[in-house]
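> Let me give you the structure first, and then I'll get to my questions.
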Amino acid sequence: MTDGWFAGLDPDDDEAAVATIREGSADEPAEWPRLAVDAGFADDTDDYYDRLRAATTAAAEQAVQEREGADDRQLVHAVRSMADCERTANELAERVAEWGESRSADAGSGVEYARELAASEPSDPAGERVQSLAQRVVDLDEEADRLRAYIDRTAPEVAPNLAALAGPVLAARLVSLAGGLESLAKKPSGTVQVLGAEDALFAHLRGSAPSPKHGIIFTHEAVRGTHPDHRGSAARALAGKLTIAARIDHYSGDLRPDLQAELDERIEAIQSRTGGDGE
Amino acid sequence: MTLPNGVERHDFDGETGLATRGEPVYGEATDGAWRRWDPDRSKLGAMLALGMETGLAGGETVLYLGAAAGTTVSHVADFAGPTYAVEFAPRPVRDLLDAADPRPTLFPLLKDAREPESYAHVVEPVDVLVQDVATRGQALVANRNAGFLRPDGRLLLSIKARSEDVTADPAAVFEDVLTTLEERYEIEASESLAPHHDDHLGVVAGPRRDGTF
Ligand SMILES: C[S@@+](CC[C@H](N)C(=O)[O-])C[C@H]1O[C@@H](n2cnc3c(N)ncnc32)[C@H](O)[C@@H]1O
């Protein structure tokens, strides 16, 4: 669609205006003020800007109100579903590749290969089946992308400080592993540090393994980017800040941008112990 | 460097600082109708305070990406023309709405700057694109929004090194970001925003002539 938000709109229908601001789209911008005046939607550009302001303000108010209701349960379901979609896509992609290999010498692998196959023209009934299966892989992969986009958007609403420090996906994983934002906020930072490493932790408790230094937070740059000798310290520092962030998010909801600077400083100090560049 | 019309240097408690005329937004100092534009709290404020040649004259149409609670964009709306403010996190938008309240041509948009189609039906082509999203992929966001810039328009961008990679050398990150930007823009100037903001680079760029939307 390449119409402006006001296209076909009754200038007095505020509700419809809010809806098109929120849900509409266009391929590219255009001289909307002039076009709106030409179309008779507004008397002149001043009138247009007045209407635009009323509509954008009302749309933002409505959206904010709705999203305030965003809760951690939705985030938990979304991040678990994303993981399921990714895992299933990969498993099915393997099946597709195996099937593809039996039919063609230059079969590839993974979701990329499934994407190629899905776009191809099947030449026989078996080919139709592989192609259709490949399409399922592509669908799942795309669903995982859409879930990720949803998480990127909603994690900063549910837990702004945690999402800022950890990134939206890791924040959602932590909330999911803890079973909710409230229970994450109540966990000691030593537990947050090893969330997602339960198997290793139980092995340790049975006496058959060293205690794990980190769980899912290993995916964070602050840990991954630190020399293995110092990852334990980095994980402890990161878990400490993430725990504080989760508590602020749960109990007050204030934004605390200084947390990031504090974390950066700690990590920098830890990484400089190696004397190297952190690799 | 000349300041845009509507931005002046004023005296605040014996200290000279940039100021615009408008309702206070974040507890900043005031001098009559003028309110201090604190360069420590605003990347664009720092670019002006450091004397970067932004080409701003005042009265421009502006698209601002990463408006947050409106600290900077409220100053922009004070001296610019129609100002479209995009922010995707709802919490700061509550404050942005307050900042927009006394400013008749500040348009708040709760949208994701990575999806320009979701606001291209609202935003007109602009003279200035300001971006301060401070998230990974900053250059891509700017590139995706290049289609909003008029041929003689300007991009005023703040790059936060740590948003791309906390462990990498900021200089290397800036290098990378600038290279990506060059797909859609011609870089006119870039300068560190220290001492106001550590590990931030201010960039002034124009659209590439051979660019297409
Ligand atoms: C450093 S803050 C901006 C501060 C603001 N420019 C000022 O000076 O007042 C970055 C903001 O960009 C927002 N942001 C990050 N990614 C975004 C995206 N893809 N779309 C819209 N806003 C985004 C964040 O939510 C955050 O509020």
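> Go through (1) open to solvent by 10 Å² or more (accessible area, probe 1.4 Å); (2) more than 18 Å from A:Ala26 (Cα to Cα); (3) within 13 Å of the ligand (Cβ to nearest atom) and name the single condition B:Glu115 misses.
Condition not satisfied by B:Glu115: (2).
> Still on this model: I want to confirm something. Restricting to region B:32-65 and keeping residues that are within 12 Å of the ligand (Cβ to nearest atom) and over 11 Å from the mean Cα position of the chain (by Cα), which single residue is farthest from the other protein chains (Cβ to nearest Cβ)?
Filtering region B:32-65 down to residues within 12 Å of the ligand (Cβ to nearest atom) leaves B:37-47, B:63-65.
Subset that is over 11 Å from the mean Cα position of the chain (by Cα): B:37-41.
Values: B:Trp37: 19, B:Asp38: 15, B:Pro39: 17, B:Asp40: 12, B:Arg41: 10 Å.
Only one residue tops the list, namely B:Trp37.
> Turning to a different aspect of this structure: Here is a check on your reading of the model: is B:Thr179 modelled with pLDDT under 95 and either open to solvent by less than 50 Å² (accessible area, probe 1.4 Å) or of a type in the set (S, T, N, Q) (or both)?
Working: modelled with pLDDT under 95: no; either open to solvent by less than 50 Å² (accessible area, probe 1.4 Å) or of a type in the set (S, T, N, Q) (or both): yes.
So B:Thr179 fails the test.
> Now for a separate question. Restricting to region B:28-56, and then to whatever is of a type in the set (Ser, Thr, Tyr) and closer than 17 Å to B:Asp132 by Cα, can you tell me which residue is surrounded by the most Cβ atoms within 10 Å (Cβ to Cβ)? Walk me through how you get there before you give the answer.
We begin by selecting, within region B:28-56, every residue of a type in the set (Ser, Thr, Tyr); these are B:30, B:42, B:54.
Next, from what is left, pick out any that are closer than 17 Å to B:Asp132 by Cα: B:42, B:54.
Working: B:Ser42: 26, B:Thr54: 21.
Only one residue fits best here, namely B:Ser42.
> Answer yes if at least one residue in region B:158-166 is under 23 Å from A:Pro33 (Cβ atoms) and either within 16 Å of the ligand (Cβ to nearest atom) or within 15 Å of the chain's Cα centre (by Cα) (or both), and no otherwise.
Restricting attention to region B:158-166, the residues satisfying the condition of being under 23 Å from A:Pro33 (Cβ atoms) are none.
No, the conditions are met nowhere in region B:158-166.
> Within region B:129-142, take every residue that is within 14 Å of chain A (Cβ to nearest Cβ) and not aliphatic (A, V, I, L, M) and give me the one that is surrounded by the most Cβ atoms within 10 Å (Cβ to Cβ).
B:Asp132
> Separate question: Test B:Asp198 against the stated conditions and say whether it is charged (D, E, K, R), open to solvent by 10 Å² or more (accessible area, probe 1.4 Å), part of a loop (DSSP other than H, G, I, E, B) and at the interface with chain A (Cβ under 10 Å from one of its Cβ atoms). Show your work before the answer.
Values: charged (D, E, K, R): yes; open to solvent by 10 Å² or more (accessible area, probe 1.4 Å): yes; part of a loop (DSSP other than H, G, I, E, B): yes; at the interface with chain A (Cβ under 10 Å from one of its Cβ atoms): yes.
So B:Asp198 passes the test.
> Which of the residues that make up region B:149-159 are within 12 Å of chain A (Cβ to nearest Cβ) and open to solvent by less than 10 Å² (accessible area, probe 1.4 Å)?
Scanning region B:149-159 gives a single hit, B:Gly153.
> Considering only residues that are away from chain B (no Cβ under 12 Å) and free of Cβ contacts under 8 Å to residues at least 24 places away in the same chain, look in region A:224-243 and name the one that is least open to solvent (accessible area, probe 1.4 Å).
Restricting to residues being away from chain B (no Cβ under 12 Å) and free of Cβ contacts under 8 Å to residues at least 24 places away in the same chain, the top hit is A:Gly232.
> Looking only at region A:1-48, count how many residues are touching a Gly at 6+ places or on another chain (Cβ under 9 Å), of a type in the set (Gly, Ala, Ser) and at the interface with chain B (Cβ under 9 Å from one of its Cβ atoms).
5
> Against the condition farther than 22 Å from B:Gly202 by Cβ, of a type in the set (Gly, Ala, Ser) and either touching a Ser or Thr at 6+ places or on another chain (Cβ under 6 Å) or open to solvent by 70 Å² or more (accessible area, probe 1.4 Å) (or both), how does B:Gly22 come out, does it pass? It would help to see each step written out before you state the result.
Details: farther than 22 Å from B:Gly202 by Cβ: yes; of a type in the set (Gly, Ala, Ser): yes; either touching a Ser or Thr at 6+ places or on another chain (Cβ under 6 Å) or open to solvent by 70 Å² or more (accessible area, probe 1.4 Å) (or both): no.
Judged against the criteria, B:Gly22 is not a match.
> What number of residues within region B:3-29 are among the polar types (S, T, N, Q) and touching a residue at least 12 places away in the same chain (Cβ under 8 Å)? Spell out how you get there, then give the answer.
Our first condition is that a residue be among the polar types (S, T, N, Q); within region B:3-29, this holds for B:5, B:16, B:20.
From what is left, the residues that are touching a residue at least 12 places away in the same chain (Cβ under 8 Å) are B:5, B:20.
Summing the residues that are among the polar types (S, T, N, Q) and touching a residue at least 12 places away in the same chain (Cβ under 8 Å) in region B:3-29 gives 2.
> Within region B:119-128, which residues are more than 11 Å from every other protein chain (Cβ to nearest Cβ) and either open to solvent by less than 20 Å² (accessible area, probe 1.4 Å) or at positive phi (or both)? Walk me through it before giving the result.
First, pick out the residues of region B:119-128 that are more than 11 Å from every other protein chain (Cβ to nearest Cβ): B:127-128.
Once the filter is applied, which keeps residues that are more than 11 Å from every other protein chain (Cβ to nearest Cβ) and either open to solvent by less than 20 Å² (accessible area, probe 1.4 Å) or at positive phi (or both), region B:119-128 yields only B:Val128.
> Please work out which residue is farthest from A:Ser252 (Cα to Cα), limiting yourself to region B:92-112 and to residues that are facing another protein chain (nearest Cβ under 8 Å) and assigned to a helix (DSSP H, G or I).
Ranking the qualifying residues of region B:92-112, first place goes to B:Ala100.
> If I go through region A:49-68 residue by residue, how many of them are open to solvent by 20 Å² or more (accessible area, probe 1.4 Å) and facing chain B (nearest Cβ under 7 Å)? Steps first, please.
Going through region A:49-68, the residues open to solvent by 20 Å² or more (accessible area, probe 1.4 Å) turn out to be A:49-51, A:53-54, A:57-58, A:61-62, A:65-68.
Those still in the list that are facing chain B (nearest Cβ under 7 Å) too: A:49, A:53, A:57, A:61, A:67-68.
Residues in region A:49-68 being open to solvent by 20 Å² or more (accessible area, probe 1.4 Å) and facing chain B (nearest Cβ under 7 Å): 6 in total.
> Moving to a separate point now. One residue is enough: does region A:60-74 have a residue meeting the conditions under 30 Å from B:Gly81 (Cα atoms) and at pLDDT 95 or above?
yes
> Of all residues being modelled with pLDDT of 95 or more and open to solvent by less than 10 Å² (accessible area, probe 1.4 Å) in region B:92-112, which is farthest from the ligand (Cβ to nearest atom)? Just the residue, please.
So the residue we want is B:Phe107.
> Do you know which residues across region B:66-91 are near the ligand (Cβ under 6 Å from one of its atoms), in contact with a helix residue (DSSP H, G or I) (Cβ under 8 Å, 6 or more places away or on another chain), under 22 Å from A:Thr154 (Cα atoms) and not in a loop (DSSP other than H, G, I, E, B)?
B:Glu87
> Here is a further query. Take the conditions hydrophobic (A, V, I, L, M, F, W, C), touching a residue at least 40 places away in the same chain (Cβ under 8 Å), surrounded by fewer than 22 Cβ atoms within 10 Å (Cβ to Cβ) and more than 10 Å from the ligand (Cβ to nearest atom) and apply them to B:Ala146. Does it pass? Before you say what the answer is, go through the steps one by one.
Values: hydrophobic (A, V, I, L, M, F, W, C): yes; touching a residue at least 40 places away in the same chain (Cβ under 8 Å): yes; surrounded by fewer than 22 Cβ atoms within 10 Å (Cβ to Cβ): yes; more than 10 Å from the ligand (Cβ to nearest atom): yes.
When the stated conditions are applied, B:Ala146 passes them.
> From the list A:Arg173, A:Arg115, which one is open to solvent by 40 Å² or more (accessible area, probe 1.4 Å), in contact with a helix residue (DSSP H, G or I) (Cβ under 6 Å, 6 or more places away or on another chain) and free of Cβ contacts under 8 Å to residues at least 40 places away in the same chain? Break it down stepwise before answering.
On the way: A:Arg173 fails: free of Cβ contacts under 8 Å to residues at least 40 places away in the same chain.
One residue alone meets the criteria, A:Arg115.
The values are calculated or read from the model by the stated rules, or taken from the named source; none is laboratory data. Predicted model, so just to flag it, every value in this text is computed and none were measured. Positions of Cβ are backbone-derived with ideal geometry, glycine not excepted, and every protein chain shown enters the neighbour counts. Note: accessible area is taken over every heavy atom of the protein model, side chains too, but ligands, DNA and RNA are not part of it. Shrake-Rupley method; radii C 1.70, N 1.55, O 1.52, S 1.80 Å.
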